[in-house]
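Student: I have a structure here, written as structure tokens, and I will follow up with some questions on it.
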Amino acid sequence: MSSPALAAIAALPQADLKSIFTTDPDRLSKLVLSQGPIRFDWSKTHLTDDMLTQFLALAQEQDFAGWRDALFAGQAVNNSEGRAAEHPAERGEGNADSVAHAKMLHNRMRGLIDAIEAGALGEVRHILHIGIGGSALGPKLIVDALDGDGVRYDVAIVSNVDGTALERAIEGFDPHTTLIAIASKTFTTSETMLNAASAINWMVEAGVDDPYGKVIALTAAPEKAMEWGVDETRILPFSESVGGRYSLWSSIGFPAAMALGWDAFESLLEGAAAMDRHFRLSDPAQNAPLIAAFVDQYYTRVEGCQTRALFAYDERLALLPSYLQQLEMESNGKSVTRDNEPVVGPTAPITWGGVGTDAQHAVFQLLHQGTIITPVEFIASIEPGHVLDPAHHRALLVNCFAQGAALMRGKENADDPARAYPGNRPSTTILLDDVTPEALGALIAFYEHRTFANAVLMGINPFDQFGVELGKEIAKSIEANGPTGFDPSTMALIDLALGAE
Ligand code: F6P
């Protein structure tokens, strides 16, 4: 462990969560923090005063304040690609020029949406959004979470190159009243371009006049979109300095702005901006994303936990785990530091999860009695997302809180060890007032900043993703040159499944 602060934390005795409220009765006042519509509760983790002191020292060691300033100033924090990471500017926070530029592009998006609503592209009832990774997961999460009475269009978001995905997405869509939104930062991603071409064919086959006239491009490479056949007036650009997995605030959020309305989209941005200000301005000891990162660092780097699990006790947030998988694993699943030195110790754990209560009846056995310790995060909302009998929401929340208590408390059973629960298992609870656009914006921005804070504490660059390139290169080479020069296993697979083509 190369960091003196981390070594000091590792040397501290670990408190037993079963008795931690007896030994530290003020935990709730120290480890619960409310920020706008969100309440964070870390009191059921092993974080102690001494650890917090050392983690604050780690933040200083790693120049957390300096990196945070650099992020908001629009400096090239993505050093391997020589780029800034300006997702906060999309929300109105950060470098003034970048904020003004983002505002101008948002106005352009709003103008196009107004024109579409006024009938400029004919009747539109369905939106087929085609994108992958960061160009799909964010809009999908938002539309799914906020898909209430206000939704004005059917939205299908298709990402997988498997034709079944597109086929299912367009099932029930009328090609004559469908708008295609092609979302790709680079406008070169092979899955997206193939899906886009097939969507155009679907329209051609249905006899739609001018299918390309029904296409909107959401991209940081407008010239590529034009080459592909999208008219300039229907291209909604965003800045190169907005990373793919941080891009839902830009024109990539188009389907959400269309489906939920501009006011809701703006509220989402405002919620995120409030979290930006909290992250930028609060003292490290009171800073929600940073404290959450301390907890992450403790379990991953000190305790060696290889995964972290997240359970949304709210159906509206069902897609949050898959959204966070990209955010956290693509950002911080790295092996070298910002200076290209090997990282000492583990980096990002595997993020996984699901929805409560379903997960309780499927995977919680391992969490309670398995040999692998997994820090768990529960996310719930005080207000329900439905108008059914309040008993549903009561049962949901009771289950959520019971799980955290059970993990912490455990239960002895000397006579029958199979029925004993070790307890002392950590969890964090994040409680939203409601799943509103503001709260969702703040929640997602919290996760973005937590991911950044984790990266700073480990000395890595969270804004590149070179690990995804090799597989793409090999796939391209197989497409171009056929199965030559591979290992016998790969050759046999290609031969068996593709050889007859
Ligand atoms: O391959 C990974 C990745 O580059 C992600 O980082 C990105 O979100 C996704 O592909 C899609 O990229 P694009 O928006 O350029 O199509």
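The values are calculated or read from the model by the stated rules, or taken from the named source; none is laboratory data. Since the model is a prediction, treat every value here as computed from it, not as a measurement. Glycine also receives a Cβ, built like all others from the backbone with ideal geometry; neighbour counts cover every protein chain displayed. Note: areas computed on protein heavy atoms with side chains; ligands, DNA, RNA excluded. Shrake-Rupley method; radii C 1.70, N 1.55, O 1.52, S 1.80 Å.
Student: With respect to the numbered conditions (1) of a type in the set (Lys, Arg); (2) within 14 Å of the ligand (Cβ to nearest atom); (3) open to solvent by 40 Å² or more (accessible area, probe 1.4 Å), which one is the sole condition not fulfilled by Arg168?
Tutor: Tallying (1) of a type in the set (Lys, Arg); (2) within 14 Å of the ligand (Cβ to nearest atom); (3) open to solvent by 40 Å² or more (accessible area, probe 1.4 Å), Arg168 fails exactly one: (2).
Student: Next up: Going through segment 127-140 one residue at a time, which ones are open to solvent by 10 Å² or more (accessible area, probe 1.4 Å) and either without any contact (Cβ under 8 Å) to a residue 12 or more places away in the chain or not in a helix (DSSP H, G or I) (or both)?
Tutor: Ile132
Student: Starting from segment 200-228, take each residue that is more than 17 Å from His129 (Cβ to Cβ) and list its partners that are outside any helix (DSSP H, G or I) and open to solvent by less than 20 Å² (accessible area, probe 1.4 Å), counting only C-beta distances under 8 angstrom and pairs at least six apart or across chains.
Tutor: Correct list of pairs: Ala221/Ser184; Ala221/Phe187; Pro222/Ile235; Lys224/Phe187; Met226/Ile235.
Student: Name, by its number, the condition in (1) open to solvent by less than 30 Å² (accessible area, probe 1.4 Å); (2) assigned to a loop (DSSP other than H, G, I, E, B); (3) under 30 Å from Leu146 (Cα atoms) that does not hold for Ile460.
Tutor: (3)
Student: Looking for something of a type in the set (Ser, Thr, Tyr), surrounded by 15 or more Cβ atoms within 10 Å (Cβ to Cβ) and under 23 Å from Leu457 (Cα atoms) - is there at least one such residue anywhere in segment 91-99?
Tutor: no
Student: Name the one entry in Ala76, Ala145 that is under 30 Å from Glu171 (Cα atoms) and small (Gly, Ala, Ser).
Tutor: Ala145 is the lone residue from the list that is under 30 Å from Glu171 (Cα atoms) and small (Gly, Ala, Ser).
Student: From the list Thr429, Thr451, which residue is out of contact with any Lys or Arg (no Cβ under 8 Å at 6 or more places or on another chain), of a type in the set (Val, Ile, Thr), touching a residue at least 12 places away in the same chain (Cβ under 8 Å) and closer than 26 Å to Val32 by Cβ?
Tutor: One residue alone meets the criteria, Thr451.
Student: Okay, moving on. Quick check: anything in segment 446-463 hydroxyl-bearing (Ser, Thr, Tyr) and within 15 Å of the ligand (Cβ to nearest atom)?
Tutor: The answer is yes, given that some residue of segment 446-463 is hydroxyl-bearing (Ser, Thr, Tyr) and within 15 Å of the ligand (Cβ to nearest atom).
Student: Tally time: how many residues in segment 173-196 are open to solvent by 40 Å² or more (accessible area, probe 1.4 Å) and either more than 19 Å from Gly122 (Cβ to Cβ) or touching a Cys at 6+ places or on another chain (Cβ under 8 Å) (or both)?
Tutor: Of the residues in segment 173-196, 5 are open to solvent by 40 Å² or more (accessible area, probe 1.4 Å) and either more than 19 Å from Gly122 (Cβ to Cβ) or touching a Cys at 6+ places or on another chain (Cβ under 8 Å) (or both).
Student: A follow-up question, please. Scanning for something in the same structural domain as Ala292 (by TED's automatic domain parsing) and closer than 30 Å to Gln62 by Cα, does segment 383-393 turn up at least one residue? Walk me through how you get there before you give the answer.
Tutor: In the first step, residues of segment 383-393 are kept if they are in the same structural domain as Ala292 (by TED's automatic domain parsing); the result is 383-393.
Those still in the list that are closer than 30 Å to Gln62 by Cα too: none.
Among the residues of segment 383-393, not one is in the same structural domain as Ala292 (by TED's automatic domain parsing) and closer than 30 Å to Gln62 by Cα, which makes the answer no.
Student: Within segment 315-336, is there a residue that is within 24 Å of Glu81 (Cβ to Cβ), out of contact with any His (no Cβ under 6 Å at 6 or more places or on another chain) and surrounded by fewer than 16 Cβ atoms within 10 Å (Cβ to Cβ)?
Tutor: Among the residues of segment 315-336, at least one is within 24 Å of Glu81 (Cβ to Cβ), out of contact with any His (no Cβ under 6 Å at 6 or more places or on another chain) and surrounded by fewer than 16 Cβ atoms within 10 Å (Cβ to Cβ), which makes the answer yes.
Student: When you go through Val151, Val155, Val143, Val124 one by one, which is the residue that is within 23 Å of the chain's Cα centre (by Cα), more than 16 Å from the ligand (Cβ to nearest atom) and either among the polar types (S, T, N, Q) or part of a loop (DSSP other than H, G, I, E, B) (or both)?
Tutor: Of the residues listed, the single one that is within 23 Å of the chain's Cα centre (by Cα), more than 16 Å from the ligand (Cβ to nearest atom) and either among the polar types (S, T, N, Q) or part of a loop (DSSP other than H, G, I, E, B) (or both) is Val151.
Student: If you don't mind, another one. Working only within segment 159-191, note down all residues that are touching a helix residue (DSSP H, G or I) at 6+ places or on another chain (Cβ under 6 Å), outside any loop (DSSP other than H, G, I, E, B) and free of Cβ contacts under 8 Å to residues at least 40 places away in the same chain.
Tutor: Leu166, Pro175
Student: Okay, moving on. Could we say that Phe21 is open to solvent by less than 30 Å² (accessible area, probe 1.4 Å), modelled with pLDDT of 95 or more and farther than 14 Å from Thr428 by Cβ here?
Tutor: No, not satisfied.
Student: Mind checking which residues of segment 405-446 are part of a helix (DSSP H, G or I) and buried (at least 20 other Cβ atoms within 10 Å of the Cβ)?
Tutor: Within segment 405-446, Leu407, Met408, Pro437, Glu438, Ala439, Leu440, Gly441, Ala442, Leu443, Ile444, Ala445, Phe446 qualify.
Student: To continue, here is another question. Residues that are open to solvent by 30 Å² or more (accessible area, probe 1.4 Å) and within 16 Å of the ligand (Cβ to nearest atom): list the helices (runs of 4 or more DSSP H) wholly contained in segment 210-305 that include at least 3 such residues.
Tutor: So the answer is 222-228.
Student: Right, here's the next one. So which of Phe311, Phe254, Phe265, Phe279 is in contact with a Phe, Trp or Tyr (Cβ under 6 Å, 6 or more places away or on another chain) and not β-branched (Val, Ile, Thr)?
Tutor: When all the criteria are applied, what remains is Phe311.
Student: What pairs come out if I take residues in segment 240-256 that are modelled with pLDDT of 95 or more and among the hydrophobic types (A, V, I, L, M, F, W, C) and pair them with residues that are in a loop (DSSP other than H, G, I, E, B) and within 13 Å of the ligand (Cβ to nearest atom) whose C-beta lies under 6 Å away, six or more apart or interchain?
Tutor: As it stands, the answer is Val242/Ser250, since those pairs meet every condition given.
Student: Scan segment 479-501 residue by residue and report those that are closer than 21 Å to Ser190 by Cβ, open to solvent by less than 90 Å² (accessible area, probe 1.4 Å) and not in a loop (DSSP other than H, G, I, E, B).
Tutor: Hits for segment 479-501 are Ala480, Thr490, Ile494, Ala497, Leu498.
Here's the yes/no breakdown for (1) farther than 23 Å from Arg409 by Cα; (2) out of contact with any Asp or Glu (no Cβ under 7 Å at 6 or more places or on another chain); (3) free of Cβ contacts under 8 Å to residues at least 60 places away in the same chain:
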{"residue": "Ala5", "(1), (2), (3)": "yes, no, yes"}
{"residue": "Ala8", "(1), (2), (3)": "yes, yes, yes"}
{"residue": "Leu17", "(1), (2), (3)": "no, yes, no"}
{"residue": "Leu33", "(1), (2), (3)": "no, yes, no"}
{"residue": "Asp41", "(1), (2), (3)": "no, yes, no"}
{"residue": "Thr45", "(1), (2), (3)": "no, yes, no"}
{"residue": "Gln54", "(1), (2), (3)": "yes, yes, yes"}
{"residue": "Leu58", "(1), (2), (3)": "yes, yes, no"}
